[in-house]
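Written out below as structure tokens is the structure these notes cover.
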Amino acid sequence: MNFVKLSRNLRGVRDLAQRMQVELATMMAFETESRQFGTVQYRENETVEFPMGLPAFENERRFVLIERSATKPIVFLQSLNAPDLCFVTLPLLVVDPAYQLAVTAEDLAAIGLGDLKGQQPVVGRQVQAYTIMAMTESGPAANLLAPIIVNISPWRDGRAALGIQAVRYDNRYAHDQLLVGTSC
Amino acid sequence: MLVIRRRLGETFRIGDDVEIQILDFGGGQVKIGIKAPLSVPVLREEVFLAGRQNKLAAAQAVGNGLADTLVQRLQEISQKSSSSK
């Protein structure tokens, strides 16, 4: 009996099983109702779990990110629980390419990024970042005080990403920043 | 705005049920203890603002054309910045 060969084969089987599990998870489609979009099909690796909900919406924990070619670069944040609840967001760096993150250690730990040793995550690498848009009297405004930070690494395993609306402690950015010409 | 001066450890009240105590200060920071009924939300100003802005955004998102306005605005901005280059 060749134990080295046997254990190598077992490892191969295990890796294959893991890969199949991930592929199965990314293939399985679910459906949800949205007042904005009607019935929406989504996969687990398009969803975000907010362990603490969002300020004023603490009970809304699960959302799906929806992009439509006609409304690029908008990313809709549709609640999987409340068909009426759908935020209009933009990628943070579209609104302000020079935006400096200041996510607290607690907030990072809440989305599984407790091991950054005081460093901020890099948008596009460990996280994606979005800003919720709202209409003000002067036009559409971005909430740069409280960006949505999403740890996207679970998506690679076909699982829901982990998100948080990370409210800043400093007053460097406004909660109602108007879109300005120089930033796009 | 009402301004009151308190020493370390002293307290004051807002209404019958809310008690505020100055616990510590220094280094440009003040540590404050708050005793309040569960029915009284206590939030950092920034979290309150974020919540209020979320409510506003949630009320607008469906059906009133925020997305369309936004797409239009982004197009205007990109045209303006490409023509100025």
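The values are calculated or read from the model by the stated rules, or taken from the named source; none is laboratory data. All of these numbers come straight from a predicted model, not from anything done at the bench. Quick reminder, even Gly has a Cβ in these numbers, built from the backbone with ideal geometry, and neighbours come from all protein chains shown. Only protein heavy atoms, including side chains, enter the accessible area calculation; ligands, DNA and RNA are left aside. Shrake-Rupley method; radii C 1.70, N 1.55, O 1.52, S 1.80 Å.
Under a Gaussian network description of chain A, with springs only between Cα atoms under 10 Å, the residue in A:Glu60, A:Glu23, A:Glu137 that fluctuates furthest is A:Glu137. Assign one of three labels to the range A:62-116, namely rounded, prolate or oblate, based on the Cα gyration tensor with a ≥ b ≥ c the square roots of its eigenvalues; rounded applies when a/c is under 1.5, prolate when it is not and a/b is larger than b/c, and oblate otherwise. It comes out oblate by the Cα gyration axes. Rounded, prolate or oblate: which one fits the protein assembly as shown, using the alpha carbon gyration tensor with axes a ≥ b ≥ c (rounded when a/c is under 1.5, else prolate when a/b beats b/c, else oblate)? It comes out oblate by the Cα gyration axes.
Taking amide hydrogens as placed 1.01 Å from N in the peptide plane, the amide H of A:Leu178 sits under 5 Å from those of A:Ala142, each at least 5 positions away in sequence or on another chain. Equivalent-ellipsoid semi-axes for the range A:35-81 (Cα gyration tensor, √(5λ), whole Å, largest first): 20, 12, 10. Shielding by partners for peptide A:159-166, expressed as the average number of C-beta atoms from other protein chains within 10 Å of each residue's C-beta, is 1. Rolling a 1.4 Å probe across the protein heavy atoms gives the protein assembly as shown an accessible surface of 60 Å² per residue. On the protein heavy atoms, probe 1.4 angstrom, tell me the percent of accessible surface of the protein assembly as shown carried by carbon and sulfur. That fraction is 52 percent.
Ordering of B:43-49, A:173-179 by packing is A:173-179, B:43-49, highest average first (other Cβ atoms within 10 Å, averaged per residue).
If you run the Gaussian network model on chain A, springs between alpha carbon atoms under 10 Å, then out of A:Ile111, A:Ile74, A:Ile148 the most flexible one is A:Ile74. Pull out a ≥ b ≥ c, the square roots of the eigenvalues of the alpha-carbon gyration tensor of the range A:125-184, then state rounded if a/c is under 1.5, prolate if not and a/b is larger than b/c, and oblate in the remaining case. Since a/c reaches 1.5 and a/b is larger than b/c, the shape of the range A:125-184 is classed as prolate. Sequence-distant contacts, meaning Cα pairs under 8 Å at least 6 residues apart, place the relative contact order of chain A at 20 percent. Each Lys and Arg adds +1 at its Cβ and each Asp and Glu adds -1 at its Cβ; summed about the Cα centre, the protein assembly as shown shows a dipole of about 840 debye. According to the Kirkwood relation over distinct C-alpha pairs, the hydrodynamic radius of the range A:47-184 is 15.3 Å.
Only protein heavy atoms count here; on that basis, with a 1.4 Å probe, A:Asp84 has an accessible area of about 90 Å².
GNM, chain A, Cα, under 10 Å: largest mean-square fluctuation among A:Met27, A:Met52, A:Met133? Evaluated over chain A, the most mobile residue of the options is A:Met27.
Which distance in Å, rounded to a whole number, links the C-alpha centroids of the range B:38-62 and the range A:81-103? Result: 16 Å between the Cα centres. Each peptide among A:32-42, A:157-167, B:19-29 gets the average number of other Cβ atoms lying within 10 Å of its residues, and from highest to lowest they stand as A:157-167, A:32-42, B:19-29. Using alpha carbons only, the radius of gyration of chain B set against its Kirkwood radius gives Rg/Rh = 1.27.
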